[in-house]
Structures are given as structure tokens and as C-alpha cells.
Amino acid sequence: MTAAFGKLQGHTLELKDGLNIIQAPNETGKSTWCTFLLAMLYGINSRERDRAGFIADKNRYAPWNGTPMSGRMDCRFQDCELTLLRTTKRSTAPMGEFRAVYSGTSEPFPGLTGLTCGETLLGVTREVFERSAFIRQAGLPISQDAGLERRIAALITSGEEDISYTEAVALLKKQLNRRRHNKTGELPALEAELRGIQQQLSDLEQLEQQLAAVRAQAAELADQEASLSAQLDLHDRWEAAQQRQALHDAETAAVQAERQTALLRQRIEAEHIPENETIGRLRGAIVNLNTTRKAVDKARAERDEAMKALLKAEAAVNRSPFAGQTPEQAQRSAQTPPTVRVSHRSGLAVCLAGLALSAAVSILLFQYCSPLGSPWNLLPGGVFLLLLGVTGLLSHVIRGRALKKAQDAALLKRFGASDQSAIREMADTYTTLWEAQEAAQASAAAKSAAADSLYASLSSNEQAILLEVRRFAPSAFDLSTADQLLRGCAVRRRELSEAERAAQEARMRWELQKQSCSAVPVPDSRLTPPAKPRAAVTAELESVRAALTAARSAADRLTGQLHALGDPVVLRSSAEHLTGQISDLEQEYDAIRLSIDALDTANAELQSRFSPALGRRTAEIFGELTGHRYRNVLLDRDLRLSAEPAGNMVYRDASLLSAGTADQLYLAARLAICDLVLPKENKVPIILDDALANFDDDRCAAALRWLKQAAQDRQILLFTCHSREAAFFSGDEKVSVQRLTDAV
């Protein structure tokens, strides 16, 4: 297994058949390896969320170095060697991409997906695997689960794994709660509706009495409204006279504002102050010049850096043995051996010595073979030719070695190395340096041109702005003075705009008052101010009108309620219909309750059939782990455990045992479930994460012997932070012992 998972950053763990002891200190990644193995088989639940006291696996085991979560596992399934790969393409779906291929190939294994991988390879669902063969120190107690329940039911009944007492009872309880659950459900709703209809019948008489009282109140409020309206009419006629005086005052204010505006306009025209558009354009151009000046400084700095880079690149090229050559010439120089002169004296001496030896041997053979006859007379000549060939070959070899030695000396003198591959590598390096020099030279030229262009643009724009400003402000000879003069012009223009706006507003007020006064009748000079303030009359009138509106609305509402309550005959008919529905639902409620009771009875019988077998197997394993201090184990319908000590007839609940003995009891039950529930043909592996931490040395040794025996039929992985397990199997070649550290 290779993992990018939590603190495992490219770590690899290789396992063997049978029992594997993986020893590692705390915080080395033992639990992370266990969770990684579970994730490779069944994936990561991406919909799981963090909550109080719990961190979802997708967040808890996110790689510490920030890389995406991924993993690889090589395994054997039936007669095939498989490679499982899980990677992350979307952060919301860690390890969501799955591939299963035949090991050593890219050919996919048919029928294996990320969702079905674990169930296909192991033959059980994730829930069953976690509650049987995946054993953690903190998760030794057995928890009830519908998947485990279906698996147990399949073993002792029909063999079908789609039957679960928990799920069936949950469905029936859902139907039961739909009809009645405390104060919710169909029955309480119908009963509430019936009570509502009965209440409607009793409310009809009360509404009719209330309607008569509201109508009498509305008539009294209408008389009060007429009296207060007459008082408001007197206020309107008095205020008309006041509007006529306000119109005269508005006309005087408008004339004065227009005179002030005309005076300001004459002064601006006399001083040749430009329009706001021209002022804004010139001030914007000055701001842009500051930006351009910063760009010029930046471009010059970049040009200087480019020139420094060019000098470094030229220095690097000049230090090369190929300095002054083009890359093509350097490559040819590196590939062409140097021309050297080699002395021929050694080869000539060998040739002369070989010729003399050949002649001497041929003469001796001729004297020996002459008396033997004609076939033997050919032997001296053949030997002579053979010796001549050997002599020529030796001469050629000696001359070649001398030539190679001279060439190596020449290369070493020129390049500092005689290895041709090293010289070619130096030529390649020179090519890279030469190209870098060319690029640096081009970059320096481009950045110099850019800096010069920006500076020329800055100078020309500055002169153009100053020339245009001096048309109306001759004292502007620099940009700061020009900007101050433009600010003053903008202030003068703003004063004119404010004066024009004030004059326009005064004119509009006068026009509006004149229009409103045209419809106001000429007031009677004999009018006297009203005795009561208008605000008091208006407030009282509004209060009376609000009360009148409320009374009329109440009358309308009561009338609508009377119509909404409907005919009493119809209401009585609805009540009778609801009574019948309630009766039918109560019968269904009783029938569902009986069904749940029947399922409880059947489940109790099922537990009584399975619990003895599981208890016997648990007792066998528990006895071996504890030195046969306990002889029997009982499991109730909720999988709670009790143990009977040898020689004592009183069963002890697991919560009454010591922590170590309780862990041994839970481990025995887990191992018994593995024997009874997990399919034999799949040889499901067992993973134990510090499951023996609370065992004393004797019981730990007993557990290790049991695990070694069980590992003959399946692979068992024991992760531990202690060294006693590894020491126990020291020298045992049938048990694989590994020691992990923080190193990769």
C-alpha cells in the first residue's frame, strides 16, 4: 500500500500472508494506515460532516502537505493480482476517482467500481466489516447495525440478506407515528379538525351579537367626522392668505439670486477661466503624467536588471572552453575527435620482429616436413602466412592504442576531460548558456527601448499640458503651479455652478408658489385665525377616521366570518365524516401495533437461535485468551456480553470486569463474529489497531498464539505500539514483523 493520506506522505507498507506484526510508536500513523486500508476498500464518505467532538474522515485524514488525498493498494483476489487506485479530482469528493487494473498492466478489472470494491473483494458490506474484522482499541464493543443483522439472519434462516428486523420495525413505527405520535399524526389532526368544526358552530351566535354593536359605534363616529371637517375648511381659507404673502417673498429672492449669478459669470469671462471639461481634462492629464513617471522609473529599473542579467550571461559564455563559437560549431567540436600524429616506430618494430619469426618458423618446418612427402610440404607456407597475419593484427592494435592515448591527451588539455560524453554535455551546456545570452541581450534591448519610449512620451505630454495651461495662465511654467492654477479655476467654476443652481431653485420655488396660488381664492379680509390649532384638529380627525375605518372593517370582518363559518347543516355533516375517518385510523393503528409485537416475538426467537452459537464460539476464544478462567459467555438481543467464571455460576456483565479482561471479552466476541459471519471463501483479512494494549503479558501471549493459528486461513494485521508482540515472534519465520518510524 502507498498512501497520500493524513500524515502518510508517499509512505509505503508491504504486507505478507498470514500474521503481520506492525510495531510503531505513538503518532507514527498506525491508525492512519488502518483507516487508509478501509478507505481503499470502501472509499471516503464525502457527505459526512464535522460535529461536536467528531471530525469527518475527509477532513481528519487530509494530507498534511496539502496534496490531494490518494492511494494505491496491490492485492490478490481469487487467482488474480490486482492494483487498486484511488485519486482525488474534486476537493468535495476525496479519493472519489477509482481504478482497478490487473497488476503490471493498464487493463481494467471488469465489474469492480469504487462503490462495490470492498463488498466484491470481501463479500460483506462496510458496516459488517467495521463491526467484525476491523477492530480498534476504542471500538472493541460490538454495536448493533442493520447490515450485520441481515448478515446474521442470512446465516441462520433463508440465506437472503435483504431481511432486517430493525429496518422492518422502523418502517412499521414510521407508519404508526404517521397515524399518531404524541400530539402529531393523522389522528390528532383529524381530532383537532373535528374540535374546530364544533367550535365553529358555537361561535356563530357570538359573531351576530358583536356585529350589531359595531354598526352602532360606526354611526356615532360618522357624526364626529363631519364636525371636524368643517373646522379644517376654516384653516384652509386662513392659510390661503398666508400663501399670497409667501409668493411675494419668493419673487424677491429669485431676482436677487439671478443678479448674483450674472455678476459671477461676468468676472469668469473677464478672467478667461476655461470650462469645467477643459479643467478636468488637464488635471486628469497631470495625474496620468505622475503615473507615467512611475512607469518610466519602473522601466529603467527593469532595464538595469536586464543589463546585469546580460553581463552575467556573457561572463558564463566566456568561461566555457567553446567561447567564441556558435552552438553548431561547439557541437561539431565536441563530436569531432582531435587530429594527432602518432609515431610508426613501435608498429614497424613489431612488423619486422613478426616477419623474422615467421621466416624462422617456416624454415624449420620446411626442413622437418620435406622428407614426409608432398602434402606436408604445404604446412610451412601456411604457417608462414598465419604468422604474418597475426603480426599485422598486433601492429594495428598497438597503433590504435597509441592513437587513442594521444587523442585523450589532446582532449584533456583542451577541455579538461577526455570522456566524449562529458565533452558533449559541456557543449550542450554551452548551447544553453549561449541561448540564455541571446535571450538576455534581446530582453535588455527591448526593455531599453521601452524605457526610452516612455520617457519621450512623458516629456512630450508634459510640454503639451504646460503650453495649453499658459493660454489662460501665463505664470504656469511647471506642473505643480499649473495644477494649483487649475484648482483655483475649478473653485471659481464651482462657485458659479452653485450660484446658478441657487438662482434656478429660487426661480422654481417662485414658479411653483405662483402656480399653487393661482388656484387659491382671494382671501376674505374679515377672516380671523382659527381658535383651535390645525394640528390638533387634524390629529383628532385622523383619530376619528381611523376609529370609523376600524369599526367599518370590524363590521365587514364579522360579516365575512359569518359567511366563512358556513351553513350549520354542512358543518354537522363534516363532523360526522371526520368521526368515521378517526374510527378507521384507530383500527389501522391497533393493527400496526399488533404487527410490531409479532416482529418482536420473531426477533427474540431469532436471537435465541443465533446467540448460543455465537456465545459458544466466543467462550472458546475467551477461554484460550484468559487461560480458561471463564467457561461460558452470554449475549443478549442487543449484543451485550456477560461472562461466567470457572467454578462460579454467577454471570458477570462486561462492565463489571477489569478494563483488560473486558477488552479480551470484546475481542473474543469480535473474532467469533468473524468466524461465523464472514464468508469463508473470501478469506476476509482481520485488522487490529492496538487491540492488545490493555492485555497483560500472559494473556497477550495467549492472544498472539491464537492469532498465529487463525492466520493460517486468512491474513491478519496487528498494529501495536508495544515491542512485546515483535519480541514474542522473534525468530519465527512464519510471522512477518515490521517496525515503522516517522521516516518514509
*Kindly provide the set of residues from region 446-471 that are surrounded by 14 or more Cβ atoms within 10 Å (Cβ to Cβ) and within 57 Å of the chain's Cα centre (by Cα), ordered by number.*
K447, S448, A450, A451, D452, L454, Y455, S457, L458, N461, E462, I465
*State whether the residues of region 685-693 include one that is surrounded by fewer than 22 Cβ atoms within 10 Å (Cβ to Cβ), part of a loop (DSSP other than H, G, I, E, B) and without any contact (Cβ under 8 Å) to a residue 60 or more places away in the chain.*
no
*Residue list for region 707-729, restricted to those being touching a strand residue (DSSP E or B) at 6+ places or on another chain (Cβ under 8 Å) and either assigned to a helix (DSSP H, G or I) or over 11 Å from Q23 (Cβ atoms) (or both)*: L707, K708, A710, A711, R714, Q715, I716, L717, E725, A726
*Test: A702 is touching a Ser or Thr at 6+ places or on another chain (Cβ under 8 Å), in a helix (DSSP H, G or I) and surrounded by 12 or more Cβ atoms within 10 Å (Cβ to Cβ)*: yes
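Yes or no, residue by residue, for (1) in a loop (DSSP other than H, G, I, E, B); (2) of a type in the set (F, W, Y); (3) over 18 Å from L122 (Cβ atoms); (4) out of contact with any Asp or Glu (no Cβ under 7 Å at 6 or more places or on another chain):
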position: H11; (1), (2), (3), (4): no, no, yes, yes
position: N20; (1), (2), (3), (4): no, no, no, yes
position: T35; (1), (2), (3), (4): no, no, no, no
position: G66; (1), (2), (3), (4): yes, no, yes, yes
position: G71; (1), (2), (3), (4): no, no, no, yes
position: R76; (1), (2), (3), (4): no, no, no, yes
_Selection from region 28-56 of residues that are at pLDDT below 90 and in contact with a helix residue (DSSP H, G or I) (Cβ under 8 Å, 6 or more places away or on another chain)_ = N45, S46, E48, D50
*asked:* Quick check on R283: is it part of a helix (DSSP H, G or I), among the basic types (K, R), at pLDDT below 80 and surrounded by 12 or more Cβ atoms within 10 Å (Cβ to Cβ)?
replied: yes
*Can we say S453 is among the polar types (S, T, N, Q) and at pLDDT 80 or above?*
yes
*Take region 229-238 and flag every residue that is surrounded by 14 or more Cβ atoms within 10 Å (Cβ to Cβ) and more than 14 Å from A536 (Cβ to Cβ).*
R237, W238
*Could you identify the single residue in R99, R126 that is at pLDDT below 90 and not polar (S, T, N, Q)?*
R126
*Applying the selection to region 472-486, what residues are free of Cβ contacts under 8 Å to residues at least 60 places away in the same chain and either part of a helix (DSSP H, G or I) or surrounded by fewer than 17 Cβ atoms within 10 Å (Cβ to Cβ) (or both)?*
P474, S475, F477, D478, S480, T481, Q484, L485
*Residue by residue through region 97-117, note down the ones that are assigned to a loop (DSSP other than H, G, I, E, B) and under 19 Å from M1 (Cβ atoms).*
S103, G104, F109, L112, G114
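The values are calculated or read from the model by the stated rules, or taken from the named source; none is laboratory data. Not measured: the values here are computed from a predicted model. Every residue, glycine among them, receives a Cβ derived from its backbone with ideal geometry; neighbour counts consider all protein chains shown.
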